[in-house]
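Remarks on the structure that follows.
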Amino acid sequence: MYTYRHPHPSITADCLVFAGTGDEEKILLIQRKEPPYQGCWAFPGGFMNMNETAVAAACRELREETGLQLTEGDFHQVGAFSQVDRDPRERVVTIAYYALLDSIRQVLGADDAGKAEWFNLNALPDLAFDHAAILHAALQRRKERDSCGSCR
(Lines give C-alpha, C1' and ligand atoms only; values in the text may rest on other atoms or scores of the structure.)
Protein backbone atom coordinates (compact mmCIF):
# COMPACT_ATOMS: atom_id res chain seq x y z
CA MET A 1 0.00 0.00 0.00
CA TYR A 2 1.26 3.45 -0.87
CA THR A 3 1.83 5.92 1.97
CA TYR A 4 1.21 9.60 1.27
CA ARG A 5 3.10 12.49 2.84
CA HIS A 6 -0.14 14.41 3.30
CA PRO A 7 -2.85 13.46 5.78
CA HIS A 8 -6.17 12.31 4.34
CA PRO A 9 -9.65 12.92 5.69
CA SER A 10 -12.04 10.10 6.43
CA ILE A 11 -15.24 9.84 4.38
CA THR A 12 -18.66 9.03 5.81
CA ALA A 13 -22.10 8.64 4.28
CA ASP A 14 -25.27 9.85 5.98
CA CYS A 15 -28.86 8.81 5.15
CA LEU A 16 -31.88 11.05 5.42
CA VAL A 17 -34.91 8.81 5.00
CA PHE A 18 -38.27 10.58 4.77
CA ALA A 19 -41.70 8.93 4.91
CA GLY A 20 -45.22 10.31 4.63
CA THR A 21 -46.33 13.73 3.43
CA GLY A 22 -47.37 17.17 4.64
CA ASP A 23 -47.71 17.71 8.38
CA GLU A 24 -47.35 13.96 8.91
CA GLU A 25 -43.97 13.67 7.18
CA LYS A 26 -41.37 11.91 9.29
CA ILE A 27 -37.63 11.35 9.17
CA LEU A 28 -35.67 8.36 10.44
CA LEU A 29 -33.13 9.04 13.21
CA ILE A 30 -30.86 6.85 15.29
CA GLN A 31 -29.77 7.43 18.87
CA ARG A 32 -25.99 7.18 19.04
CA LYS A 33 -24.71 4.43 21.33
CA GLU A 34 -21.08 5.60 21.30
CA PRO A 35 -19.21 8.91 21.63
CA PRO A 36 -19.09 11.46 20.24
CA TYR A 37 -22.64 12.65 20.85
CA GLN A 38 -23.51 9.49 22.76
CA GLY A 39 -27.26 9.43 23.44
CA CYS A 40 -27.95 12.14 20.86
CA TRP A 41 -30.06 11.72 17.74
CA ALA A 42 -28.47 11.64 14.29
CA PHE A 43 -29.00 10.32 10.79
CA PRO A 44 -28.05 6.72 10.13
CA GLY A 45 -24.59 6.68 8.62
CA GLY A 46 -20.96 5.95 9.11
CA PHE A 47 -17.52 5.48 7.67
CA MET A 48 -17.05 4.34 4.09
CA ASN A 49 -15.03 1.18 3.59
CA MET A 50 -12.11 1.20 1.15
CA ASN A 51 -13.90 -1.20 -1.21
CA GLU A 52 -17.23 0.64 -1.55
CA THR A 53 -18.70 3.79 -3.01
CA ALA A 54 -20.28 6.42 -0.79
CA VAL A 55 -23.82 5.43 -1.79
CA ALA A 56 -23.00 1.77 -1.12
CA ALA A 57 -21.75 2.83 2.33
CA ALA A 58 -25.04 4.69 2.87
CA CYS A 59 -27.05 1.55 2.04
CA ARG A 60 -24.88 -0.64 4.27
CA GLU A 61 -24.94 1.76 7.25
CA LEU A 62 -28.70 2.20 6.98
CA ARG A 63 -29.19 -1.57 6.98
CA GLU A 64 -26.73 -2.14 9.85
CA GLU A 65 -28.13 0.59 12.09
CA THR A 66 -31.87 0.33 11.40
CA GLY A 67 -32.58 -2.91 9.52
CA LEU A 68 -34.06 -0.86 6.68
CA GLN A 69 -32.93 -2.13 3.27
CA LEU A 70 -32.90 0.32 0.39
CA THR A 71 -31.02 0.14 -2.90
CA GLU A 72 -28.51 2.63 -4.28
CA GLY A 73 -31.16 3.72 -6.78
CA ASP A 74 -33.46 4.81 -3.93
CA PHE A 75 -31.03 7.57 -2.89
CA HIS A 76 -30.52 11.10 -4.17
CA GLN A 77 -27.34 12.93 -3.26
CA VAL A 78 -27.77 16.01 -1.07
CA GLY A 79 -24.11 16.99 -1.23
CA ALA A 80 -20.76 16.83 0.50
CA PHE A 81 -20.24 18.49 3.87
CA SER A 82 -16.66 19.33 4.76
CA GLN A 83 -16.64 21.91 7.53
CA VAL A 84 -13.29 21.42 9.24
CA ASP A 85 -14.67 20.90 12.75
CA ARG A 86 -17.83 18.93 11.89
CA ASP A 87 -16.61 15.78 13.69
CA PRO A 88 -14.57 15.97 16.91
CA ARG A 89 -12.88 12.59 16.31
CA GLU A 90 -10.90 13.47 13.22
CA ARG A 91 -11.10 15.24 9.87
CA VAL A 92 -14.28 13.83 8.31
CA VAL A 93 -16.10 14.72 5.12
CA THR A 94 -19.60 13.31 4.76
CA ILE A 95 -21.64 12.72 1.65
CA ALA A 96 -25.33 12.92 2.48
CA TYR A 97 -28.13 11.15 0.63
CA TYR A 98 -31.89 11.22 0.97
CA ALA A 99 -34.60 8.71 0.13
CA LEU A 100 -38.37 9.09 0.04
CA LEU A 101 -40.69 6.32 1.22
CA ASP A 102 -44.45 6.20 0.74
CA SER A 103 -45.03 4.93 4.26
CA ILE A 104 -43.33 4.27 7.57
CA ARG A 105 -41.45 0.99 7.73
CA GLN A 106 -40.47 -0.91 10.83
CA VAL A 107 -36.95 -0.14 12.08
CA LEU A 108 -34.81 -1.40 14.93
CA GLY A 109 -31.68 0.19 16.36
CA ALA A 110 -28.66 -2.07 15.93
CA ASP A 111 -24.87 -1.97 15.54
CA ASP A 112 -23.75 1.39 16.97
CA ALA A 113 -27.33 2.76 17.11
CA GLY A 114 -29.03 2.35 20.47
CA LYS A 115 -32.44 3.11 18.97
CA ALA A 116 -33.96 3.88 15.58
CA GLU A 117 -37.16 5.91 15.47
CA TRP A 118 -39.28 7.97 13.12
CA PHE A 119 -39.72 11.63 14.11
CA ASN A 120 -42.19 14.17 12.80
CA LEU A 121 -40.29 16.84 10.86
CA ASN A 122 -42.13 19.48 12.92
CA ALA A 123 -40.98 18.00 16.26
CA LEU A 124 -37.33 17.00 15.97
CA PRO A 125 -34.89 16.59 18.84
CA ASP A 126 -31.55 18.39 18.72
CA LEU A 127 -29.34 16.66 16.16
CA ALA A 128 -25.71 15.58 16.54
CA PHE A 129 -22.80 16.85 14.43
CA ASP A 130 -23.92 19.25 11.68
CA HIS A 131 -27.02 17.21 10.91
CA ALA A 132 -29.41 20.17 11.32
CA ALA A 133 -27.56 21.95 8.50
CA ILE A 134 -27.59 18.78 6.39
CA LEU A 135 -31.34 18.42 6.95
CA HIS A 136 -31.86 22.01 5.82
CA ALA A 137 -29.83 21.34 2.67
CA ALA A 138 -31.76 18.11 1.97
CA LEU A 139 -35.12 19.85 2.29
CA GLN A 140 -33.91 22.57 -0.06
CA ARG A 141 -32.64 19.96 -2.55
CA ARG A 142 -35.99 18.16 -2.45
CA LYS A 143 -37.84 21.43 -3.02
CA GLU A 144 -35.66 22.23 -6.04
CA ARG A 145 -36.08 18.73 -7.42
CA ASP A 146 -39.86 18.85 -7.00
CA SER A 147 -40.10 22.20 -8.80
CA CYS A 148 -37.99 21.03 -11.76
CA GLY A 149 -39.99 18.65 -13.94
CA SER A 150 -36.98 17.83 -16.11
CA CYS A 151 -34.86 16.86 -13.06
CA ARG A 152 -36.68 13.60 -12.45
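Some observations on this one:
- Calculated SAXS-style log₁₀ I(q)/I(0) at q = 0.16, 0.34 Å⁻¹ - the range 94-136, Debye, Cα scatterers: -0.57, -1.19
- Peptide packing: for 14-21, 139-146, 98-105, the average count of neighbouring Cβ atoms within 10 Å per residue gives the ranking 14-21, 98-105, 139-146, highest mean first.
- Helical contribution to [θ] at 222 nm, DSSP H n ≥ 4, -39,500 (n - 2.57), averaged over the chain, rounded to 500: -6500 deg cm²/dmol
- Normalised alpha carbon radius of gyration of the range 1-77 [divisor 2.2 N^0.38 Å]: 1.30
- Whole-Hz ³J(HN,Hα) from phi, Karplus 6.51 cos²θ - 1.76 cosθ + 1.60, for the range 78-84, glycine and proline x: 7, x, 9, 10, 10, 3, 4
- Karplus-derived HN-Hα couplings along the range 54-62 (A = 6.51, B = -1.76, C = 1.60, θ = phi - 60°), whole Hz, x at Gly and Pro: 5, 5, 5, 5, 4, 4, 5, 5, 4
- Mean silhouette area of the range 60-127, derived from the convex hull of its C-alpha atoms and averaged over all directions, reads 5.8 nm².
- Cut-off under 5 Å, modelled amide H: who pairs with L68 long-range: L108
- Projected label points at Q106 and Y4, each 7 Å from Cα along the beta carbon direction, are separated by 4.4 nanometres.
- Remark: spin-label model distance Q69-N51 equals 2.0 nm, labels positioned 7 Å along the Cα→Cβ axis.
- Between the range 66-81 and the range 37-63, the alpha-carbon center distance in angstrom: 10
- Stokes-Einstein diffusion coefficient of the chain, Kirkwood radius over Cα pairs, 25 °C, 0.890 mPa s, in µm²/s: 154
- Residues of the chain: accessible area per residue with a 1.4 Å probe, Å²: 57
- Here the contact order of the range 34-94, divided by its residue count and restricted to Cα pairs under 8 Å and six or more residues apart, works out to 23 percent.
- Listed by chain and number, the lysines placed with their C-alpha closer than 17 angstrom to that of K115 are K26, K33; residues fewer than eight positions away on the same chain are left out.
The values are calculated or read from the model by the stated rules, or taken from the named source; none is laboratory data. Small disclaimer: the values here were computed from a predicted structure and weren't measured. A quick note on method: Cβ atoms are made from the backbone with ideal geometry, for glycine too, and the neighbour counts reach across all protein chains shown. These area figures cover heavy atoms from the full protein model, side chains too; ligands, DNA and RNA do not enter into them. Shrake-Rupley method; radii C 1.70, N 1.55, O 1.52, S 1.80 Å.
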